[in-house]
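Trainee: Sharing a structure below in structure tokens format, with a few things to ask.
The values are calculated or read from the model by the stated rules, or taken from the named source; none is laboratory data. Keep in mind that what you see is a predicted model, and the values were worked out from it rather than measured. Cβ placement follows ideal geometry from the backbone for every residue including glycine, while neighbour counts extend to all protein chains displayed.
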Amino acid sequence: MARDRRFRPAARGAVPSAGQRLAHPVEIIPMKEYKVVIYQEGMLGSLLLGASKVDPVRFTTFLNKNAKEGWRVVTMEKDIRRMLLLWRREAYVVVMEREA
């Protein structure tokens, strides 16, 4: 396709006339993929100790594994969950995103 010799780039922010093309292509915003994970420790610690907290070393390993797959933590919320009416265990609701 031959380039139109009458074509002049429009000034930034200007609207092109009927015979002109856009000087700058329209920017396409990339889509993102999201996932929500509830991270919690096993039931054994809760049953034996009455309450279970998240192990920071295991949680770090979990986050690093997901980071290698391209996931990035957007937000995180701490949650105390009841288990079998008597025991409690700590959990984290983690929202992650990556480029689709």
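Trainee: Check Glu27, Glu99 and return the single one that is loosely packed, with under 10 Cβ neighbours inside 10 Å, at negative phi, among the charged types (D, E, K, R) and at pLDDT 90 or above.
Mentor: On inspection, the qualifying residue turns out to be Glu99.
Trainee: Scan segment 34-70 residue by residue and report those that are of a type in the set (Asp, Glu) and either at pLDDT 95 or above or part of a helix (DSSP H, G or I) (or both).
Mentor: The one that is of a type in the set (Asp, Glu) and either at pLDDT 95 or above or part of a helix (DSSP H, G or I) (or both): Glu69.
Trainee: Another one. Which condition number in (1) of a type outside the set (Phe, Trp, Tyr); (2) at pLDDT below 80; (3) assigned to a loop (DSSP other than H, G, I, E, B); (4) surrounded by 11 or more Cβ atoms within 10 Å (Cβ to Cβ) is the one that Leu85 fails?
Mentor: (4)
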